[in-house]
Amino acid sequence: MPHALITGANRGLGLEHVRTLLGRGWTISAAVRNPGSATDLKAFDPGDGRLRILRYDASDLKAAQALRSEVKGPLDILFANAGVIGPDPHNLGAAASEGFVDAFRINTLAPLALAETFASQVADSQLRVIALQSSRMGSIADNDGGGRYAYRASKAALNAIGKSLSIDLRDKGVIVLILHPGWVRTDMGGPNGLVTPGEAVSAQLDIIARANPAMSGRFFHINGEDLPW
Ligand SMILES: NC(=O)c1ccc[n+]([C@@H]2O[C@H](COP(=O)([O-])OP(=O)(O)OC[C@H]3O[C@@H](n4cnc5c(N)ncnc54)[C@H](OP(=O)(O)O)[C@@H]3O)[C@@H](O)[C@H]2O)c1
């Protein structure tokens, strides 16, 4: 039975990934900040032991290591999904703030810590995918709107990390996918988003299902096209 570890699994895109993969028979390690209040997630529990809800705070650099004792065996997908938009106000004049550093811990360092911790378990699996939930807003070439300093910079740095991971983990057979989910109607994306979580997740899982070494270290839109760095 395939196994995925998904962070930020209690709402938005992470919750939809859990729902979809449970429906396909997967075992899920669902990492959330507050298990006690993860009621939407618990509602999807099939009650057969395939959903494991684990406490995980991405702002704590030791959190990935702490998960290790609870996430055992081969890991087909490590999905570093948890993320924050960053501090508000976030535009020029107030951008250099402690909140900027917090955004980097959550959006950038946490996925790297997860990859460092779980790369061997991913390598031992059938699918061998590390998926990084990035954003088109992390593209420097695509930035024609300015602002959002912490979010853009933390996702651009995540992309750089994804590229290095793809090279460093190539010999282990691990495929690193850097993914933009589209503009999605979640708490973060807001009500004007162009796609539903269901549409975004379905498209992301299609990309993951056809993952191969030639795709590793590339930055994909949900339409399957490469995004510019
Ligand atoms: N929605 C979009 O249009 C869009 C576009 C591009 C990229 N993305 C990326 O997609 C990912 C998911 O976004 P979303 O739209 O689903 O946003 P969301 O609905 O706001 O959900 C964010 C998730 O991240 C979790 N999270 C935040 N800080 C955390 C921390 N310190 N420790 C553990 N979990 C934490 C949240 O948990 P809590 O409930 O505990 O806060 C929640 O589960 C993010 O990385 C985001 O940057 C989204």
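The values are calculated or read from the model by the stated rules, or taken from the named source; none is laboratory data. Since we're looking at a predicted model, the values are computed, not measured. No Cβ is skipped: glycine too gets one built from the backbone with ideal geometry, and neighbour counts run over all protein chains shown. When the accessible area is computed, the model is the full protein with side chains, heavy atoms only, and any ligands, DNA or RNA have been set aside. Shrake-Rupley method; radii C 1.70, N 1.55, O 1.52, S 1.80 Å.
Looking only at the stretch 220-227, decide whether some residue is in contact (Cβ under 8 Å) with a residue 24 or more places away in the chain, in contact with a Leu (Cβ under 9 Å, 6 or more places away or on another chain), more than 11 Å from the ligand (Cβ to nearest atom) and more than 11 Å from Leu13 (Cα to Cα).
Yes, the conditions are met somewhere in the stretch 220-227.
Please specify each residue of the stretch 38-52 satisfying the condition of being within 21 Å of the chain's Cα centre (by Cα) and either open to solvent by 80 Å² or more (accessible area, probe 1.4 Å) or modelled with pLDDT under 95 (or both).
Thr39, Asp40, Lys42, Arg52
With in contact (Cβ under 8 Å) with a residue 40 or more places away in the chain and within 16 Å of the chain's Cα centre (by Cα) as the only criterion, which of Pro213, Pro181 stands out?
Working: Pro213 fails: within 16 Å of the chain's Cα centre (by Cα).
Result of the check over Pro213, Pro181: Pro181.
Which ones in the stretch 1-37 are closer than 19 Å to Ala203 by Cα, open to solvent by 10 Å² or more (accessible area, probe 1.4 Å) and within 10 Å of the ligand (Cβ to nearest atom)?
Hits for the stretch 1-37 are Gly8, Arg11, Gly12, Leu13, Leu15, Glu16.
Kindly indicate whether any position in the stretch 139-150 is of a type outside the set (Gly, Ala, Ser), within 23 Å of Leu15 (Cα to Cα) and either part of a loop (DSSP other than H, G, I, E, B) or touching a residue at least 40 places away in the same chain (Cβ under 8 Å) (or both). Steps first, please.
Within the stretch 139-150, the first condition is being of a type outside the set (Gly, Ala, Ser), and the residues that meet it are 140, 142-144, 148-149.
From what is left, the residues that are within 23 Å of Leu15 (Cα to Cα) are none.
No, every residue in the stretch 139-150 fails to be of a type outside the set (Gly, Ala, Ser), within 23 Å of Leu15 (Cα to Cα) and either part of a loop (DSSP other than H, G, I, E, B) or touching a residue at least 40 places away in the same chain (Cβ under 8 Å) (or both).
From the list Ser202, Ser216, pick out the single residue that is under 22 Å from Asn10 (Cα atoms), of a type in the set (Ser, Thr, Tyr) and away from the ligand (no atom under 11 Å from the Cβ). Can you show your working first?
Working: Ser216 fails: under 22 Å from Asn10 (Cα atoms).
Criteria check complete, one pass: Ser202.
I'd like the full set of residues that are near the ligand (Cβ under 7 Å from one of its atoms) and outside any loop (DSSP other than H, G, I, E, B), limited to the stretch 170-189. Reasoning before the result, please.
Of the residues in the stretch 170-189, the ones near the ligand (Cβ under 7 Å from one of its atoms) are 180-184, 186-189.
Within the stretch 170-189, Val184 is the sole residue that qualifies.
Just to be sure, is Asp124 free of Cβ contacts under 8 Å to residues at least 24 places away in the same chain and closer than 18 Å to Leu78 by Cβ?
Values: free of Cβ contacts under 8 Å to residues at least 24 places away in the same chain: no; closer than 18 Å to Leu78 by Cβ: yes.
Spelling it out, it is not the case that Asp124 is free of Cβ contacts under 8 Å to residues at least 24 places away in the same chain and closer than 18 Å to Leu78 by Cβ.
Please state which of the following conditions Gly93 fails to meet, knowing it meets all the rest: (1) surrounded by fewer than 15 Cβ atoms within 10 Å (Cβ to Cβ); (2) within 15 Å of the ligand (Cβ to nearest atom).
(2)
Taking the stretch 131-169, which residues are open to solvent by less than 30 Å² (accessible area, probe 1.4 Å) and within 8 Å of the ligand (Cβ to nearest atom)?
Listed by number, the residues that qualify are Gln133, Ser134, Ser135, Tyr151, Lys155.
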